[in-house]
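Enquirer: Before anything else, here's the structure in question.
Since every read-out is calculated from the coordinates, none of them should be taken as a lab result. This structure is a prediction, so every number in the text was calculated from the model and none was measured. Positions of Cβ are backbone-derived with ideal geometry, glycine not excepted, and every protein chain shown enters the neighbour counts.
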Amino acid sequence: MVEERAAAFTRRSIKTSAKLEGLKLVVSMMDLTTLEGGDTPGKIAILCRKAMQPLHPRYQVPNCAAVCVYPNLVRMAKKFLEHSTVKVTSVATAFPAGLMPVKLKLQEVRTAVRDGADEIDMVINRANFLAGEYERVFDQIAATKQACGAAHLKVILETGELQTYDNVRLASEIAMRAGADFIKTSTGKISPAATMPVALVMLEAIRDFFYETGIRIGMKPAGGIRSAKEALGYLVMLKETLGDAWLTPDLFRFGASTLLNDILMQLVKVVDANYQSADYFSLP
Amino acid sequence: MPRRKPSQLTILDRNGERGERPIGKRERSLDFGERWSYAPAPEAHSYIRLRDRYQLFIGGKFVAPKSGEYFDSVNPATEEKLTEISSANEKDVDLAVKAARRAYKNIWSKMPGRERGKYLFRIARLIQEKARELAVLETMDGGKTIKESRDIDLPLVAAHFFYYAGWADKLHHAFPGQKMRPLGVAGQIIPWNFPLLMAAWKLAPALACGNTCVLKPAETTSVTALHLAEILQEAELPDGVVNIVTGTGETGSALVTHPDVDKIAFTGSTEVGKRIAMALAGTKKKLTLELGGKAANIIFDDAPVEQAVEGIIAGIYFNQGHVCCAGSRLFVQESVFRQVIRKLRDRISTLRLGNPLDKNTDIGAINSRAQLDKICELVDSGLKQGAQLVQSRAHLPAKGYWYPPSFFTGVTASHRIAQEEIFGPVLSVMTFRTPEEAIARANNTPYGLSAGVWTDKGSKIFKIVHQLRAGVVWANTYNKFDPSSPFGGYKESGFGREGGRHGLLPYLSLR
């Protein structure tokens with residue numbers, strides 16, 4: 001039934017005004033991401049510029065929610081984004097595997113926050129989780145939350161390694177109870193990354209947490225979402241699972257890099273009624 | 001709409017809040033409002049050609065009714081007249097039965113199964129080719145959503161013909177060691193909830209077994225059967241092998257009582273089914289009945305609740321609840337009752353009601369004024385007997401026949417809404433404490449068509465399903481259909497099976 005329900009969202013027909021509004025919403029929810037060993041200040045500059053102004057002003061496209069980088073590049077990104085509302089997100093806690101001493105992981109978080117990170121995307125320790133050491137997973141998340149201070153904490157479950165829906169559900173609950181502001185599907189380094197059924201299970205966990213506590217936890221599918229059509233499918237799923245209150249960058253993000261230009265291409269098509277070639281869209 | 005006392009009615013407002021009561025800790029609900037609303041996405045239908053008048057299909061040709069009478073077919077979503085349908089009288093029925101008898105004697109009963117199968121394969125392929133057009137017609141004529149007619153009805157219609165096409169030359173494998181022959185002329189009377197699909201369920205096995213048919217579609221939904229007749233012509237099915245007579249209950253009655261019919265297959269209400277059984281008593285005619293239901297959908301406390309809620313939705317709101325196997329009695333284990341109800345309440349406010357041709361519509365129109373009246377009458381009885389009604393506050397269009405997705409709590413076994421088939425988007429929710437009680441309550445009905453069980457525990461599934469007296473039992477899913485799976489009822493839900501190898505039996509005489 002999970003797959004069936006998730007597939008039903010992709011069959012919604014999103015046209016004209018709803019498509020335009022939806023695409024703009026997706027842009028405003030995007031954590032434009034680069035997580036490569038070769039990331040340089042030059043690459044970060046390109047990414048930040050793109051996040052601040054994804055398209056010519058006449059299309060009235062909002063800026064992206066954030067750029068997502070490695071801790072070493074936080075300071076750089078912060079400088080580029082100084083006068084914008086685009087936030088700086090840093091992955092931390094020994095991304096992507098998370099297999100480092102806790103002390104070092106927390107130090108990494110503190111450094112990233114000190115350098116100006118507004119948001120921290122941590123990874124859970126899947127080794128602990130799969131070994132059934134749930135308290136350890138919980139404690140590390142709680143400690144990371146503390147290290148974040150005012151910075152928002154997104155907790156990456158790496159669902160591709162957890163594999164079962166039951167695991168995803170349990171990990172979501174642990175993360176929310178330990179203080180996550182957001183739960184996030186994947187690092188993008190493991191396949192499969194985000195899938196709609198997995199994201200649905202996480203949204204349902206968020207829903208139950210809200211029913212129980214009144215607290216709204218955010219959600220971030222990341223990795224593997226490449227087309228505007230897929231992104232709109234996620235948005236439909238969000239709208240019909242958690243309702244209006246979650247349709248905001250404060251509670252939903254897309255972690256992606258190649259998605260943005262497909263969104264923009266579709267957006268221009270709706271506005272101008274014809275497709276442009278990819279050459280007309282600057283690479284992030 | 002019936003009038004209701006405010007104290008008995010819980011309506012969800014835009015914010016999903018209940019009336020003016022403050023939302024306490026346990027009353028938290030989600031807000032499914034207008035933020036990012038979907039633009040209209042209507043399925044194209046300008047290319048659909050509806051005839052001004054539909055004639056009868058007898059002996060391979062469209063012929064005017066001897067009665068000279070026609071009645072209007074109405075689009076239930078707009079109340080606009082779509083077209084006129086012939087009203088067949090006794091003479092017309094007699095002509096149809098004669099045509100079927102001739103075709104049976106001269107052609108169809110002599111034709112090798114392999115050749116019959118070829119026609120069925122051809123019909124199945126033509127249905128697939130014209131699937132979208134037929135889906136749109138089905139939606140315009142019956143009010144069901146295009147989402148369902150396109151994704152469920154039509155694929156199943158084609159699948160049914162494909163499946164029985166495969167059996168046509170393998171009948172001796174179906175019943176090894178037994179000799180068999182077809183029955184002759186089958187009179188088949190079908191309901192309005194799945195017009196084409198029910199036609200396929202009736203025609204495909206009958207034809208595969210070598211019978212010829214006189215099909216009588218429901219009064220409010222005759223159009224697609226007559227478009228199917230065009231497909232039969234295009235497939236060059238020999239004249240008279242399938243005949244279609246349209247009309248009211250009187251037409252059906254003429255078919256049932258016609259002396260030269262060998263078999264009657266009826267799908268519809270239990271009331272009419274009983275009358276048919278009485279009419280056929282003491283005749284040589286064979287009979288199968290697929291009648292009403294009041295299925296139990298049982299949710300145990302170890303069920304995956306999110307999925308069970310989807311199963312409840314699929315069980316009762318599919319096709320506006322116009323489903324004989326609808327999961328219309330929900331039994332929830334007391335320990336998870338509040339949780340299930342809260343989720344169900346939020347879930348029904350996400351169901352989109354409106355233009356059935358819009359691709360995003362979840363709940364279409366009620367099939368007819370008469371059916372809407374029946375739903376309202378039963379809902380009213382539920383309120384009078386003290387049950388609490390929860391309804392989605394979906395906006396109902398001004399024209400057409402509509403009923404919002406609804407469910408009753410505080411229902412007991414002695415309520416009418418717990419006993420009678422509502423055949424609409426209205427669910428009766430009851431509770432139980434132990435598996436034994438669940439089984440006893442589930443079986444406590446004159447019907448026995450279907451049931452559903454929800455639990456993560458496999459052993460419990462096997463234990464429960466064997467004790468449920470229902471023809472179809474779904475475990476951790478609901479309303480799933482496949483041509484290879486037999487379908488039919490116990491008790492007042494009828495007898496005989498359709499689908500699968502079992503579906504061949506009602507159309508064969510074994511020796």
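Enquirer: Taking the Cα centre as origin and putting +1 on Lys and Arg beta-carbons and -1 on Asp and Glu beta-carbons, what dipole magnitude results for the protein assembly as shown, to the nearest 20 debye? Mind dumping the intermediate values first?
Expert: On the way: 103 positive and 84 negative charges, 193 e Å.
Computed charge dipole of the protein assembly as shown: roughly 920 debye.
Enquirer: Same structure again: Based on DSSP H runs of at least 4 residues, each adding -39500 (n - 2.57), what is the mean residue ellipticity at 222 nm of chain B after dividing by all its residues, to the nearest 500 deg cm²/dmol? Mind dumping the intermediate values first?
Expert: Working: 15 runs with 168 residues, N = 511.
Taken over chain B, the calculation gives -10000 deg cm²/dmol.
Enquirer: Also: Taking a 19 Å limit on the Cα-Cα distance, which of the listed pairs A:LYS78/A:LYS184; A:LYS145/A:LYS220; B:LYS179/B:LYS202; B:LYS343/B:LYS460; A:LYS79/A:LYS184 fall beyond it?
Expert: Values: A:LYS78/A:LYS184 23 Å; A:LYS145/A:LYS220 17 Å; B:LYS179/B:LYS202 23 Å; B:LYS343/B:LYS460 24 Å; A:LYS79/A:LYS184 26 Å.
Those over the limit are A:LYS78/A:LYS184; B:LYS179/B:LYS202; B:LYS343/B:LYS460; A:LYS79/A:LYS184.
Enquirer: Next up: Report the trypsin sites (Lys or Arg not before Pro) located in the stretch B:239-323 that are in a DSSP loop and have at most 15 other Cβ atoms inside 10 Å of their Cβ, or state none.
Expert: Values: sites: B:LYS263, B:LYS274, B:ARG275, B:LYS284, B:LYS285, B:LYS286, B:LYS294; in loops: B:LYS284, B:LYS285, B:LYS294.
Counting only loop positions with at most 15 other Cβ atoms within 10 Å, the trypsin sites (Lys or Arg not before Pro) in the stretch B:239-323 are B:LYS284.
Enquirer: Cα centroid distance between the stretch B:133-174 and the stretch B:82-107, in Å?
Expert: Using only Cα atoms to place each centre, the spacing works out to 23 Å.
Enquirer: What residue among A:MET176, A:ILE215, A:ILE46 has its Cα farthest toward the positive end of the dipole of chain A, where the charges are +1 on Lys, Arg and -1 on Asp, Glu, each on the Cβ?
Expert: Result: A:ILE46, furthest along the dipole toward the positive end.
Enquirer: A further question follows. Could you pull the Rg and Dmax for the stretch B:203-247, using just the Cα atoms, both in Å?
Expert: According to the Cα coordinates of the stretch B:203-247, Rg and Dmax are 10.5, 29 Å.
Enquirer: Here's a follow-up. Tell me the relative contact order for the stretch A:2-280 as a rounded percent, counting alpha carbon contacts under 8 Å between residues six or more apart. Could you put the intermediate results ahead of the total?
Expert: Working: 513 pairs, mean separation 55.5, N = 279.
That works out to 20 percent.
Enquirer: Mind telling me which of A:ILE174, A:ILE120, A:ILE14 comes out most flexible in a GNM of chain A, alpha-carbon contacts under 10 Å?
Expert: The residue that fluctuates most here is A:ILE14.
Enquirer: Something else: Which whole-number percentage describes the relative contact order of chain B, with Cα contacts under 8 Å and a sequence gap of 6 or more?
Expert: Details: 1155 pairs, mean separation 94.0, N = 511.
Relative CO of chain B lands at 18 percent.
Enquirer: What order, most packed first, do the peptides B:237-244, B:120-127 have when packing is the mean number of other Cβ atoms within 10 Å of each residue? Kindly include the intermediate steps, with their values, before the conclusion.
Expert: Values: B:237-244: 24.6, B:120-127: 21.0.
The densest-packed peptide leads the list: B:237-244, B:120-127.
Enquirer: Specify the angular offset, from 0 to 90 degrees and rounded to the nearest 10, of the alpha carbon long axis of helix B:223-234 from the longest principal axis of the alpha carbons in chain B.
Expert: 40
Enquirer: Also: Taking A:LYS15 as the anchor, which lysines have their alpha carbon closer than 19 Å to its alpha carbon, excluding any fewer than eight residues away along the same chain?
Expert: A:LYS24, A:LYS229, A:LYS239, A:LYS269, B:LYS147, B:LYS359
Enquirer: Mean shadow of the protein assembly as shown, computed from the convex hull of its alpha carbons, in nm²? Spell out each step's value before the answer.
Expert: Details: hull surface 146.4 nm².
Computing the convex hull of the Cα atoms and averaging its projections yields 36.6 nm².
Enquirer: Between the alpha-carbon centers of the stretch A:144-222 and the stretch B:209-288, tell me the distance in whole angstrom.
Expert: For the stretch A:144-222 versus the stretch B:209-288, the Cα centre distance is 57 Å.
Enquirer: Computed FRET efficiency, Cβ-Cβ of A:ARG177 and B:LYS480, R0 30 Å: what is it to the nearest 0.05?
Expert: Numbers: r = 36 Å, r/R0 = 1.20.
Given R0 = 30 Å and the Cβ-Cβ separation, E is 0.25.
Enquirer: Still on this structure, please answer the following. How would you rank B:180-187, A:269-276, highest first, on the average number of other Cβ atoms within 10 Å across their residues? Walk me through the numbers before you get to the answer.
Expert: Working: B:180-187: 23.1, A:269-276: 12.0.
Answer by packing, highest mean first, reads B:180-187, A:269-276.
Enquirer: Sticking with this one: Please express the Cα-Cα pair-distance distribution P(r) of the stretch A:1-138 as a list of whole percents, one per 10 Å bin, running from 0 to the bin with the greatest distance.
Expert: 11, 31, 26, 24, 8, 0
Enquirer: Rounded to the nearest 10 degrees, what's the angle between the helix B:113-129 long axis and the longest principal axis of chain B, both from Cα atoms, 0 to 90?
Expert: The angle comes out at about 50 degrees.
Enquirer: Which whole number gives the average count of other chain Cβ atoms within 10 Å of the Cβ atoms across peptide A:244-252? Let's see the in-between values first.
Expert: Working: counts 11, 6, 3, 3, 1, 0, 0, 0, 0.
Mean partner shielding for this stretch: 3.
Enquirer: Moving to a separate point now. If you project the alpha carbons of the stretch A:143-228 onto the principal axes, what extent comes out on each, in Å, largest first?
Expert: Sorted largest first, the three principal extents are 32, 27, 26 Å.
Enquirer: Summarise the partner chain shielding of B:142-150 as one whole number: the mean count of Cβ atoms from other chains within 10 Å of each residue's Cβ. Walk me through the intermediate numbers first.
Expert: Numbers: counts 0, 0, 0, 0, 1, 4, 0, 0, 1.
The shielding value for this peptide is 1.
Enquirer: A follow-up question, please. Bin width 10 Å, origin at 0, all Cα-Cα pairs of chain B: what percent of pairs per bin?
Expert: 4, 19, 29, 26, 15, 6, 1, 0
Enquirer: Which residue fluctuates the most in chain A, going by a Gaussian network model with Cα springs under 10 Å, if the choices are A:GLN140, A:GLN107, A:GLN60?
Expert: A:GLN60
Enquirer: Pick from A:ALA77, A:ALA94, A:ALA131: which is most flexible by mean-square fluctuation in a GNM of chain A where alpha carbon atoms under 10 Å apart are linked?
Expert: Top of the fluctuation ranking is A:ALA131.
Enquirer: Follow-up. Need the list of aspartates and glutamates near A:LYS189 for cross-linking: C-alpha distance under 12 angstrom, and skip anything on the same chain fewer than eight residues off.
Expert: Correct list for A:LYS189: A:GLU36, A:GLU158, A:GLU161.
Enquirer: Quick one: which of B:LYS286/B:LYS480; B:LYS98/B:LYS216; B:LYS105/B:LYS285 span more than 26 angstrom between C-alpha atoms? Present the calculation step by step, with values, prior to reporting the outcome.
Expert: Numbers: B:LYS286/B:LYS480 29 Å; B:LYS98/B:LYS216 15 Å; B:LYS105/B:LYS285 18 Å.
Flagged as over cut-off: B:LYS286/B:LYS480.
Enquirer: How big is the stretch A:2-280 along each principal axis, measuring the range of its Cα positions in Å and listing the largest first?
Expert: 54, 44, 32
Enquirer: Within 10 Å of each Cβ in peptide B:33-44, how many partner chain Cβ atoms are there on average? Round it to a whole number, please. List each step's numbers first, then the result.
Expert: Working: counts 5, 1, 9, 12, 5, 12, 10, 5, 7, 2, 1, 0.
Per residue, the number of nearby Cβ atoms from other chains is 6 on average.
Enquirer: In whole Å, how far is the Cα centre of the stretch B:450-482 from that of the stretch B:368-388?
Expert: Value for the Cα centre distance between the two parts: 29 Å.
Enquirer: Scan chain B and hand back the longest stretch that contains none of the GluC sites (Glu not before Pro) lying in DSSP loops with at most 11 other Cβ atoms within 10 Å.
Expert: Details: sites that count: B:GLU20, B:GLU34, B:GLU236.
Maximal segment without exposed cleavage sites: B:237-511.
Enquirer: Please identify the chymotrypsin sites (Phe, Trp or Tyr not before Pro) of the stretch B:299-382 that satisfy two criteria: DSSP loop assignment and at most 10 other Cβ atoms within 10 Å. Which are they? Intermediate results must be reported in sequence, preceding the final value.
Expert: Details: sites: B:PHE300, B:TYR317, B:PHE318, B:PHE331, B:PHE337; in loops: B:PHE300, B:TYR317.
Qualifying residues, ordered by number: none.
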